[in-house]
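Report on the structure given below.
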Amino acid sequence: MWNDAKAIVHLDMDAYFASIEQLSNPLIRGKPVIVTGKGPRTVIATASYEARKYGIETGMTLIQAERLCPHVMRVVGNPAKYLYTTLKIREALLHFSDRVELYSIDEFFLDITLSQSLFGPPEEMVEKIKNKVREATGLPCSCGLAPSKLIAKLASKMNKPDGLAIIHPEKVADILKDLPIEKLHGIGEKTRKNLSHLGITKASELGHAPLSLLTSHFGVYGYMLKSMGKGIDNSSVPYHWEQGEIKSIGHSYTLPFDTSDPELIKSYILMLCQKVTTRLRREEKSSRTVVLTIRYNDFETFSRQRTVDYLLDTIYEIYHICLKILQRIGKLAKPVRLLGVSVTSLAEESRQLYLLEKLEEEKKLNRAIGEINDKFGEFAIKPASLLLSEEFEHQRAVK
Amino acid sequence: MYTIIDEPILVGAIFSSGKVIPRFFIWNRRKYQVEEVTYFWRSKIGVAQILHFAVASYGSVYEISYNLKTSNWHLEKVYVE
């Protein structure tokens, strides 16, 4: 049983966005529903379980989904609705523990090790947690209970939807024995391929692999891989007040039509820089690293980044770095479908005064523009070059 | 299929204990009784807090919203089978 082991719960909402939309609209309950972005070229964010029976999956295009299920119902996603619901779930979970981690918009970790005196053994508590979430939101979730975050996350996927899987500490080795390595969270396709070239395809093989073999191929990451293969994960669930440190801010946009027009691409990048800057200012952060993401029309996607040794927090500073990245990439190989701009290496907002009057004025102007946009809505004031992308969208819409 | 409406409407609602419960709304001179509030959420536009309600009425589902800053109601969209 648990003895001195930690009791960690991973909670994963089932078909989250689609479940919320079906709860919100009784007319689409029990029917195949997909939640997507706005444009015609969007991809599927979530599919209801009814839609999944037709083979519809997250990441598919609208056209692919409609081919599989012509009567599928499409709902354009509503991020504010989902975020509000996530916060309600978090509130419900805080009833059980003050170690609650919002892992993503539809996933949480809870450490319930010390809550047993109040709510009973972990096996009973996790049932109460599922019921509490359904009571608070009307939504089903799947939970995994295990002695670590790594194994709890594995467990929550085992009996979806509305499921519960419990892996006691003494059973971890059995679970890992024949488990394909790609089922372990943190092992992506590239790592899986590299490990399979070494003859490692199961978690137990990874745990038994010589450390020297793993570190020679993966460097320091080899240590972590070996631990994962053994089911060892010492990462903790933070206290809910400790979480909240934003690590990156980014926005991406699927263009209404694929384009190779460099001026149009720059205009959209500028739009994304404005969105990123707005959020940076709201969070009172600056950054040092800018990441530009490009997806071509054949879905080939890549990112390039640049780190500077000064703080960035204005739209033009970030845009300037994006242009440098674009310059380094050179001529784009194919038409572009999606662009993304994000900033990382965040720091507290730079409040330094600039010796050059022009720079100081620019900073003040940017702050003022940001405050006006906050009050009257995004892009109430915007750079003139954004008009190019807006005109493009308008003309395409009219056609 | 959802149809975007985005029009101002008049709403009869109960404001009690910090909650807002819409009871009926008037759109295009027709009164729609709210049979059920199926979902509720909040959002922000600029500094304005917006309360959103998904409501069922006569076989259709409507999304209406209330702007706490301007005290105005809006019909956002309607779902008709």
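Residues of region B:27-46 that are at the interface with another protein chain (Cβ under 8 Å from one of its Cβ atoms) and not in a strand (DSSP E or B): B:Gly46 alone. Number of residues in region A:178-190 that are assigned to a helix (DSSP H, G or I) and crowded, with 17+ Cβ neighbours inside 10 Å: the value is 1. Name, by its number, the condition in (1) in contact with a helix residue (DSSP H, G or I) (Cβ under 9 Å, 6 or more places away or on another chain); (2) assigned to a loop (DSSP other than H, G, I, E, B) that does not hold for A:Tyr103. Of the numbered conditions (1) in contact with a helix residue (DSSP H, G or I) (Cβ under 9 Å, 6 or more places away or on another chain); (2) assigned to a loop (DSSP other than H, G, I, E, B), the odd one out for A:Tyr103 is (2).
Looking at (1) more than 30 Å from A:Ala7 (Cβ to Cβ); (2) modelled with pLDDT of 95 or more, find the lone condition where A:Ile166 falls short. In the conditions (1) more than 30 Å from A:Ala7 (Cβ to Cβ); (2) modelled with pLDDT of 95 or more, A:Ile166 misses (1) alone.
Is it true that B:Val11 is closer than 20 Å to A:Lys81 by Cα and surrounded by 15 or more Cβ atoms within 10 Å (Cβ to Cβ)? No; evaluated as a whole, the condition is false for this residue.
The rows are residues; the columns are (1) more than 19 Å from the chain's Cα centre (by Cα); (2) at pLDDT 95 or above; (3) assigned by TED's automatic domain parsing to the domain that holds A:Glu127.
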{"position": "A:Asn3", "(1), (2), (3)": "yes, no, yes"}
{"position": "A:Tyr16", "(1), (2), (3)": "no, yes, yes"}
{"position": "A:Pro26", "(1), (2), (3)": "yes, yes, yes"}
{"position": "A:Arg29", "(1), (2), (3)": "yes, yes, yes"}
{"position": "A:Pro32", "(1), (2), (3)": "yes, yes, yes"}
{"position": "A:Gly37", "(1), (2), (3)": "no, no, yes"}
{"position": "A:Glu50", "(1), (2), (3)": "yes, yes, yes"}
{"position": "A:Tyr54", "(1), (2), (3)": "yes, yes, yes"}
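Quick check, is A:Lys6 part of a helix (DSSP H, G or I) and surrounded by 15 or more Cβ atoms within 10 Å (Cβ to Cβ)? So A:Lys6 does not fit the description; no.
Taking the criterion of being free of Cβ contacts under 8 Å to residues at least 12 places away in the same chain, assigned to a helix (DSSP H, G or I) and of a type in the set (Gly, Ala, Ser), the residues of region A:204-226 that qualify are A:Ser212, A:Ser216, A:Gly222. Answer yes if at least one residue in region A:75-87 is within 14 Å of chain B (Cβ to nearest Cβ), surrounded by fewer than 18 Cβ atoms within 10 Å (Cβ to Cβ), outside any loop (DSSP other than H, G, I, E, B) and β-branched (Val, Ile, Thr), and no otherwise. Within region A:75-87, one or more residues are within 14 Å of chain B (Cβ to nearest Cβ), surrounded by fewer than 18 Cβ atoms within 10 Å (Cβ to Cβ), outside any loop (DSSP other than H, G, I, E, B) and β-branched (Val, Ile, Thr).
The values are calculated or read from the model by the stated rules, or taken from the named source; none is laboratory data. Because the structure is a prediction, the values reported are computed rather than measured. Here the Cβ is made from the backbone with ideal geometry for all residues, glycine too, and neighbour counts use every protein chain on show.
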